[in-house]
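Asker: Quick one: the structure is below, questions incoming.
The values are calculated or read from the model by the stated rules, or taken from the named source; none is laboratory data. Everything numeric in this text was worked out from a predicted model, so none of it was measured. We place every Cβ from the backbone using ideal geometry, glycine too, and count neighbours over all the protein chains shown.
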Amino acid sequence: MPELPEVETVRRGLAPAMEGRIIEKLELRRADLRFPFPRDFSNAVKGKRIEALGRRAKYLLIDLEDGMTIVAHLGMSGSYRVEADGAAETPGDFHLPRNAAAAHDHVIFHLEDGRVIYNDPRRFGFMKLVARAGIESDASFKGLGPEPTGNSLDADYLATRFAGKTQSLKAALLDQRNIAGLGNIYVCEALWRAELSPFRAAGHLVTPAGRPRAGLTRLVPAIRDVIAEAIEAGGSTLRDHRKTDGTLGYFQHSFSVYDRTGAPCRHEGCDGTIARAVQTGRSTFYCPACQKG
């Protein structure tokens, strides 16, 4: 499933084609994706100007002029492509073929000067319409923690969330109530950078007085850096996810630990080997030699 950097890449790619444009028609080629589309969805957005494209956690937010927001999730295989000026080809350097089968083009935004098409072979994505003013109360956003790139995320905040917790550090980081949008790939990468064990109880990184220990202080910049680098590289684009211009992201080639089972650890001076374990049904990649903190 695309993680936060991939969704941010999509947002940045779509913004120039969608912001400020009027939705002349919203074409729905089926009644549902993962969930049914909102009632009278097409008519509700027809003629509305798109004010801005945003993102919250792994959700794409399409803000309309009437105060409503289209909340979109890519699911496992969702992707967008932009068609403008009559050109049917999607620009970009293709390293793997993207899914362009018309049978999987389920939603088409007809704009003033082109089309934006949502393609989703597995149909695990969804779209819904929510009032922007009350969006944080919506079921998809209620209780979400701060963004991993925001100023609200710091060691003191995590100390208040982790104090007394016996669950593993990795599980605590994947809990969207603690940090919104942080997924499996980048949790593995951040823990490796901070040299912290994914199996250690989260509460062990907090002093009896409720203060962050050194490991927790190292973890916050590690999270920020790995997310920032992934966004800069265009997202990891695992499986069949694509950037909006059709190109693949390249961050997967610079993973230090994720999916590198049996490879040597890249920390200077460490002679460890990357190992794989399963935690709460997900693969954990780590170095047993240096991730002992």
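Asker: Quick one: Gly210 ticks every box in (1) outside any loop (DSSP other than H, G, I, E, B); (2) on the phi > 0 side of the Ramachandran plot except a single one, so which number is it?
Answerer: Single failed check for Gly210: (1).
Asker: Would you check if Ala72 is crowded, with 16+ Cβ neighbours inside 10 Å, part of a strand (DSSP E or B) and either outside the structural domain of Ile231 (by TED's automatic domain parsing) or at pLDDT 95 or above (or both)?
Answerer: On the way: crowded, with 16+ Cβ neighbours inside 10 Å: yes; part of a strand (DSSP E or B): yes; either outside the structural domain of Ile231 (by TED's automatic domain parsing) or at pLDDT 95 or above (or both): yes.
Yes: the conditions hold for Ala72.
Asker: Of everything in region 179-215, what is surrounded by 19 or more Cβ atoms within 10 Å (Cβ to Cβ) and under 10 Å from Leu169 (Cα atoms)? Give them in sequence order.
Answerer: Across region 179-215, the qualifying residues are Val187, Leu191, Leu196, Ser197, Pro198, Ala202, Leu205.
Asker: A follow-up question, please. Taking Tyr157 as meeting all but one of (1) at pLDDT 95 or above; (2) within 19 Å of Arg218 (Cβ to Cβ); (3) in contact with a helix residue (DSSP H, G or I) (Cβ under 7 Å, 6 or more places away or on another chain), write down the number of the exception.
Answerer: Exception for Tyr157: condition (3).
Asker: Would you confirm, using the coordinates I've provided, whether Glu8 is within 17 Å of Thr244 (Cβ to Cβ), free of Cβ contacts under 8 Å to residues at least 60 places away in the same chain and of a type in the set (Asp, Glu)? Don't jump to the end; show me each part of the working.
Answerer: Details: within 17 Å of Thr244 (Cβ to Cβ): yes; free of Cβ contacts under 8 Å to residues at least 60 places away in the same chain: no; of a type in the set (Asp, Glu): yes.
So Glu8 does not fit the description; no.
Asker: Then there's this: Given the criterion in a helix (DSSP H, G or I), outside the structural domain of Ala72 (by TED's automatic domain parsing) and modelled with pLDDT of 95 or more, identify the matching residue among Leu173, Leu144.
Answerer: Numbers: Leu144 fails: in a helix (DSSP H, G or I).
Answer to the check: Leu173.
Asker: Scan Glu83, Glu112 and give me the residue that is closer than 16 Å to Arg21 by Cβ, surrounded by 15 or more Cβ atoms within 10 Å (Cβ to Cβ) and modelled with pLDDT under 95. I'd like the intermediate steps shown before the answer.
Answerer: Working: Glu112 fails: surrounded by 15 or more Cβ atoms within 10 Å (Cβ to Cβ).
One residue alone meets the criteria, Glu83.
Asker: Tell me the residue from Gly143, Gly164, Gly125 that is closer than 27 Å to Ile223 by Cβ and buried (at least 17 other Cβ atoms within 10 Å of the Cβ), please. Reasoning before the result, please.
Answerer: Details: Gly143 fails: buried (at least 17 other Cβ atoms within 10 Å of the Cβ); Gly164 fails: buried (at least 17 other Cβ atoms within 10 Å of the Cβ).
Selected residue: Gly125, the only one of Gly143, Gly164, Gly125 that is closer than 27 Å to Ile223 by Cβ and buried (at least 17 other Cβ atoms within 10 Å of the Cβ).
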